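Q: Below is the structure I would like to discuss, written out as structure tokens.
The values are calculated or read from the model by the stated rules, or taken from the named source; none is laboratory data. Predicted, not measured: the structure shown is a model, and the values here were computed from it. Cβ placement follows ideal geometry from the backbone for every residue including glycine, while neighbour counts extend to all protein chains displayed.
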Amino acid sequence: MLLSSRPRLVLVTVAAAALTLTSCTSREETPAAPSSGGGPAASAQSAAPSADGCTLQKTGYPKIDLKTAVVGFSQSEKEANPFRITETQSIRDEAAKLGIGNLLVTNAQSDLNRQISDIKSMLDRGAQLLIVAPLNSDGLQPALDAAKAKKVPVVTIDRKVTSQPCTDYLTFIGSNFVEQGQRAAQAMVKSTGGTGKVAILLGSSGNNVTTDRTKGFKDELAKTPGLSVVAEQTGEFDRSKGQAVMEQLIQSHPDITAVYAENDEMGVGAVNALKTAGKAPGKDVKIVSIDGTRNAVQLIVDGSYNAVIESNPRFGPLAFQTLQKFENGEPIPASIVISDDQYDETNAAQKVGNSYK
């Protein structure tokens, strides 16, 4: 699409953080289990099984039959956005598929102390295996210590914790969030033609998703001198807050021609603000986002968005597959990185069914 002489506001959104493989000397493609969320399950890249992987023998934990086990899932945030809704449903669906009859599910409602309490409560209720979506990268150590004391393996998903794998928890499963930021920057360069003044809508503080998406985006954007970051402000991964921040930025930085938001919800909120201000997102305002929500992908189809870098929340198949491998005595890598898709004007109409609500 050709740019007119009129300045254009460009919006890029993202929803995840970078992942560092720990002590990995090789990587292999690991096929994911079938999706539980209505679209293709994420494929995974992990450390090749080796003597360095975490094993049942190395931890000294008891062997558990997954199908008869009490499994706990700790969700960190209220299920008011598509990512969290799909993430929790993926865990429920895969547990049902595997015939796991005792699944405990809690929701911390974005309260770290409550998440610690939730995890300890599930342990008191007999949880033998845990899947945790951490609220923050730091702060969960008391809960992890409680699980360790009871020899309960913990798989973390979506956000990485700063604790030690195979000591405080088993492994982390999630996206490469630095790479997501890099891909968003590349999409922005393509959409803008490589020129513009960029504002960043930051995610919530205290987790590696925000930190890594910001780093990946900035590092990649620095390769294009015609694009510069002129403002940064947090929208806390929330649609209404993203809209409020965008309204402020339109007033305080009228020369902004590009916006990078670190999840789809903030991006959709920004679209609402831009439309209210008389802007034309997708035309006057180029939009690239990361998440893969139905709202954002449909906006590409409708012409009000330009690209979405996926952050797949369908962790159920991989989480249970990883726990089963651990119980089988197979070595588990410190990190398992999933491969995310991408949507743009060339494929959004065909792939909209793969997005999540």
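Yes/no matrix, rows are residues, columns are (1) crowded, with 24+ Cβ neighbours inside 10 Å; (2) in contact with a Lys or Arg (Cβ under 7 Å, 6 or more places away or on another chain):
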position	(1), (2)
Ile256	no, yes
Ala273	no, no
Ala280	no, no
Gly292	yes, no
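Q: Then there is this: Quick one: in segment 96-114, which of the residues that are of a type outside the set (S, T, N, Q) and within 22 Å of Leu144 (Cβ to Cβ) is surrounded by the most Cβ atoms within 10 Å (Cβ to Cβ)?
A: Filtering segment 96-114 down to residues of a type outside the set (S, T, N, Q) leaves 96-101, 103-105, 108, 111-112, 114.
After this cut, where a residue has to be within 22 Å of Leu144 (Cβ to Cβ) as well, the list is 103-105, 108, 111-112, 114.
Numbers: Leu103: 18, Leu104: 17, Val105: 16, Ala108: 22, Asp111: 15, Leu112: 17, Arg114: 17.
In this case the residue turns out to be Ala108.
Q: Failed condition for Ser117, given (1) within 30 Å of Thr211 (Cβ to Cβ); (2) in a strand (DSSP E or B), with all others met?
A: Tallying (1) within 30 Å of Thr211 (Cβ to Cβ); (2) in a strand (DSSP E or B), Ser117 fails exactly one: (2).
Q: Still on this model: If you go through segment 282-292 one residue at a time, do you hit one that is basic (Lys, Arg) and under 21 Å from Arg213 (Cβ atoms)?
A: Taking segment 282-292 first, the residues basic (Lys, Arg) are 283, 286.
Narrowing the set further to residues that are under 21 Å from Arg213 (Cβ atoms) leaves 286.
Yes - at least one qualifying residue is present in segment 282-292.
Q: Can you report the number of residues in segment 335-355 which are over 10 Å from Ala296 (Cα atoms) and either touching a Ser or Thr at 6+ places or on another chain (Cβ under 7 Å) or part of a strand (DSSP E or B) (or both)?
A: Of the residues in segment 335-355, 8 are over 10 Å from Ala296 (Cα atoms) and either touching a Ser or Thr at 6+ places or on another chain (Cβ under 7 Å) or part of a strand (DSSP E or B) (or both).
Per-residue answers, yes or no, for (1) surrounded by fewer than 17 Cβ atoms within 10 Å (Cβ to Cβ); (2) in a helix (DSSP H, G or I); (3) at pLDDT 95 or above:
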{"site": "Lys148", "(1), (2), (3)": "no, yes, yes"}
{"site": "Thr156", "(1), (2), (3)": "no, no, yes"}
{"site": "Ala184", "(1), (2), (3)": "no, yes, yes"}
{"site": "Ala187", "(1), (2), (3)": "no, yes, yes"}
{"site": "Ser228", "(1), (2), (3)": "yes, no, no"}
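Q: Within segment 124-133, track down each residue that is farther than 8 Å from Ser74 by Cβ and either crowded, with 20+ Cβ neighbours inside 10 Å or of a type in the set (Phe, Trp, Tyr) (or both). So that I can check it myself, show each step before the final result.
A: Residues of segment 124-133 farther than 8 Å from Ser74 by Cβ: 124-129.
Selection gives Ala127, Gln128, Leu129.
Q: Name the residues in segment 272-287 that are under 15 Å from Asp255 (Cα atoms) and either assigned to a helix (DSSP H, G or I) or basic (Lys, Arg) (or both), would you?
A: Scanning segment 272-287 gives Leu274, Lys279, Lys286.
Q: Working carefully through the options Pro281, Pro225, find the one that is without any contact (Cβ under 8 Å) to a residue 40 or more places away in the chain and farther than 30 Å from Thr88 by Cα.
A: Values: Pro281 fails: without any contact (Cβ under 8 Å) to a residue 40 or more places away in the chain.
Exactly one of Pro281, Pro225 is without any contact (Cβ under 8 Å) to a residue 40 or more places away in the chain and farther than 30 Å from Thr88 by Cα, namely Pro225.
Q: If Thr167 meets every condition in (1) surrounded by fewer than 24 Cβ atoms within 10 Å (Cβ to Cβ); (2) among the β-branched types (Val, Ile, Thr); (3) in contact (Cβ under 8 Å) with a residue 24 or more places away in the chain apart from one, which number is that one?
A: Unmet for Thr167, out of (1) surrounded by fewer than 24 Cβ atoms within 10 Å (Cβ to Cβ); (2) among the β-branched types (Val, Ile, Thr); (3) in contact (Cβ under 8 Å) with a residue 24 or more places away in the chain: (3).
Q: On to the next question. What's the number of the only condition in (1) surrounded by 19 or more Cβ atoms within 10 Å (Cβ to Cβ); (2) over 30 Å from Ala69 (Cβ atoms); (3) in contact (Cβ under 8 Å) with a residue 40 or more places away in the chain that Gly269 fails to meet?
A: Going through the list (1) surrounded by 19 or more Cβ atoms within 10 Å (Cβ to Cβ); (2) over 30 Å from Ala69 (Cβ atoms); (3) in contact (Cβ under 8 Å) with a residue 40 or more places away in the chain, Gly269 breaks only (3).
Q: Then there is this: Here are Val161, Val178: which of them is buried (at least 22 other Cβ atoms within 10 Å of the Cβ) and part of a helix (DSSP H, G or I)? Step through it out loud before you land on a result.
A: Values: Val161 fails: part of a helix (DSSP H, G or I).
Exactly one of Val161, Val178 is buried (at least 22 other Cβ atoms within 10 Å of the Cβ) and part of a helix (DSSP H, G or I), namely Val178.
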